[in-house]
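First the structure, in the form of structure tokens, and then the observations on it.
The values are calculated or read from the model by the stated rules, or taken from the named source; none is laboratory data. Note that the structure is predicted; figures quoted are calculated from it, not measured. FYI the Cβ positions are ideal-geometry reconstructions off the backbone, even for glycines, and counts take in every protein chain you see. Accessible surface is based on the protein model in full, side chains and every heavy atom, while ligands, DNA and RNA are left aside. Shrake-Rupley method; radii C 1.70, N 1.55, O 1.52, S 1.80 Å.
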Amino acid sequence: MSTPSLSALPIRRLTLRDVTACADLSQDRGWPREDHKWGLLLSAGTGHGIDDPDGSGLIAACVVTEYGPHERPGLGAIGMVLVAERHARKGIGRRLMRHVVEEAGTTPLTLHATPNGRPLYEELGFKTTGRAEMVRGRFTADGPLPGVATRPATAEDLTAILRLDHEVFGLDRTHMITRLPAFVDQLRVAEADGEIIGYAGAWPNMETHVIGPLIARDTDTAKALIGSLAAGSDRPLRTDIDVRHEELLAWVKERGLEPIAFNAVMTYGIPELPGDWSRRFAPLTVAAG
């Protein structure tokens with residue numbers, strides 16, 4: 001019996017049972033394993049995978065996280081698009097992406113593209129609509145933080161956080177945001193006059209803490225949240241900041257975070273992302289928007 005063409009192999013839904021296989025695939029491509037992040041994505045989103053016909057395991061994967069009404073999502077965020085090194089450049093990634101685009105139907109899509117991945121996404125019809133800069137390093141507290149009050153979030157804050165997130169992100173993310181308390185090591189809110197004006201999380205990723213999401217009324221509020229999260233962390237920090245937030249990027253670089261890479265923010269089916277970019281400083285993770 002002949003072996004099917006690699007570009008015609010069946011695509012299956014991934015589940016939480018596939019976390020280790022997905023992390024193995026990440027490691028195969030020189031990415032961090034990120035078991036913790038894979039667990040979040042596969043529980044809040046929909047994973048798609050292709051198995052090697054020789055029985056050796058997963059050879060391609062990606063995850064789509066949808067936001068908005070369940071029956072009619074307003075946006076799908078694509079992330080963790082990976083093909084095993086031994087099967088790279090054989091059309092598998094293209095097949096997986098075509099499947100995701102077709103399955104999305106009329107749902108608009110977004111993703112963060114590396115320079116290597118961008119040509120494929122452009123071929124599929126994605127347009128670059130923004131950029132994010134990844135920064136990483138040991139945060140040094142140089143001078144006082146802005147005078148914005150921050151504190152650890154409590155269960156009683158969840159309703160206000162969800163309301164603010166919906167307003168800024170432009171779509172309901174309840175199924176993702178309600179998972180944050182169990183996912184992050186720190187979740188903090190910023191307050192003014194008894195109102196929550198921002199929130200941010202810091203979650204463990206290998207040897208770093210990733211700051212995200214970072215939603216804030218203004219740049220000073222974003223600075224206060226980053227500074228307070230840094231004070232509670234003994235690890236290097238990493239985050240992905242929208243390049244339009246030039247003041248915040250300059251500030252974190254002055255305090256020890258160094259530029260690592262740029263990713264193109266791409267969309268399919270919409271000219272730009274919904275919501276208010278001026279208050280959206282960093283995503284939860286580039287894999288989930």
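As a test, work out the antiparallel percent of DSSP beta bridges whose residues both lie in the chain, rounded to the nearest 5.
Numbers: 56 of 61 bridges.
The antiparallel proportion sits near 90 percent.
Using just its DSSP H runs of length 4 or more, each adding -39500 (n - 2.57), the chain gives a mean residue ellipticity at 222 nm of -8000 deg cm²/dmol after division by all residues.
Return a whole-number percent for the relative contact order of the chain, with Cα pairs under 8 Å and 6 or more residues apart as the contact set. Show your work: numbers first, answer last.
Values: 575 pairs, mean separation 63.9, N = 289.
Computed over the chain, the figure is 22 percent.
Just the projected area, averaged over all directions, of the convex hull on the alpha carbon atoms of region 153-210: how many nm²? Write out the running numbers ahead of the final one.
Details: hull surface 16.8 nm².
Directional mean of the projected Cα hull area for region 153-210 stands at 4.2 nm².
Would you kindly calculate the translational diffusion coefficient of region 207-264, applying Stokes-Einstein with the Kirkwood radius from alpha carbon pairs, for 20 °C and a viscosity of 1.002 mPa s, and quote it in µm² s⁻¹ without decimals? It diffuses with D of about 180 µm²/s by this estimate.
The C-alpha radius of gyration of region 28-118, expressed as a fraction of 2.2 N^0.38 Å, stands at 1.11. Dividing the Cα radius of gyration of region 108-147 by its Kirkwood radius returns 1.25 for Rg/Rh. What the phi angles of region 11-20 give under the Karplus curve with 6.51, -1.76 and 1.60, with θ = phi - 60°, is a coupling list of 10, 10, 6, 8, 10, 4, 5, 9, 4, 5 Hz, glycine and proline written as x. Accessible area ranking (1.4 Å probe, heavy atoms, ligands and nucleic acids excluded), largest first, for Met97, Met206, Met134: Met206, Met134, Met97. Given the alternatives [x] 45, 25, 15; [y] 68, 17, 14; [z] 34, 20, 18, semi-axes √(5λ) of the Cα gyration tensor in Å as computed for this entry is given by [z]. Simple point charges give the picture: +1 on the Cβ of Lys and Arg, -1 on the Cβ of Asp and Glu, and for region 1-151 a dipole about the Cα centre of about 260 debye. Under a 5 Å amide H cut-off, with hydrogens placed 1.01 Å from N, Asp185 pairs with Ala202, Trp203 among residues at least 5 apart or on other chains. Ordering Ile270, Leu180, Ala190 by the projection of their Cα atoms onto the charge dipole of region 145-289, which places +1 on the Cβ of Lys and Arg and -1 on the Cβ of Asp and Glu, puts Leu180 at the extreme positive end.
Backbone geometry of region 256-261 corresponds, through the Karplus equation with coefficients 6.51, -1.76 and 1.60 at θ = phi - 60°, to 3J(HN,Hα) couplings of x, 8, 10, x, 10, 6 Hz, x marking Gly and Pro.
May I ask you to derive the relative contact order of region 25-125, considering only C-alpha pairs under 8 Å and at least 6 residues apart, and to give it as an integer percent? Present the calculation step by step, with values, prior to reporting the outcome.
Working: 127 pairs, mean separation 22.4, N = 101.
For region 25-125, the relative contact order is 22 percent.
Electrostatic tally near Ile197: other residues with Cβ closer than 15 Å to its Cβ, Lys and Arg +1, Asp and Glu -1, net -2. Accessible area per residue was computed with a 1.4 Å probe on protein heavy atoms; Arg95 scores about 70 Å².
For the chain, the longest principal axis of the C-alpha atoms and the axis of helix 35-44 are separated by about 80°. Computed about the Cα centre, the dipole magnitude for the chain is approximately 660 debye when only Lys and Arg (+1) and Asp and Glu (-1) carry charge, each at its Cβ.
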